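Quick notes on the structure that follows.
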Amino acid sequence: MICSYIDEYKEEFGVEPICTTLRNAGVQIAPSTYYARTHRQPSARHRRDEVLKEEISRVHAENYDAFGARKMHIVLNRQPARPDRGHVARCTIERLMRDLGLRGIRREKTPHTTRSAPRELCPTDLVDRHFEACAPNHLWVADITYVRTFSG
């Protein structure tokens, strides 16, 4: 973030004056830090992350974008370990999927159908409903409010 800001304005102002101004504003960055970051080789973690991101994207697409981190962890560690990848921790998969913007399909939760009010707040029975059956199969009561349909 800071390096991209410096990259944007270094031709106009120079790296050292920008770093001095940022230090006066409370951001701790030295010119040597900027140059080290822009010229050093990517770390081993960064290189491994790039390999894993490609593999996670491929597996996610092959499985209809349905796998989340839990199943992705199972699938990646089921395959034979490659030397450039090795075992992959679940937290690593979660972090990389978050970076890639990938999510699994969430399972639908069953609705909580009954949230009764306390007895004192319930209205009185004004229609005098009778919910006692005289014999089996004489009285049936049902609430179909929460029956799932294909139309939604």
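Ignoring lysines fewer than eight residues from LYS53 along the same chain, the ones with Cα atoms less than 21 angstrom from its Cα are LYS71. Spacing of the modelled spin labels on THR38 and ASN63, each 7 Å from Cα toward Cβ, amounts to 4.2 nm. The modelled label-to-label distance for the pair ARG85/ARG115, using points 7 Å beyond Cα in the direction of Cβ, is 4.4 nm.
Compared with the alpha-carbon gap, the fully stretched path from ARG129 to ARG70 is longer by 16.2 nm at 0.36 nm per residue.
Between the beta carbons of GLU50 and ALA25, assuming R0 = 30 Å, the FRET efficiency works out to 0.35 to the nearest 0.05.
Coordinate-derived values only; no laboratory data. Because the structure is a prediction, the values reported are computed rather than measured. Note: ideal-geometry Cβ built from the backbone for every residue, glycine included; neighbour counts use all protein chains shown.
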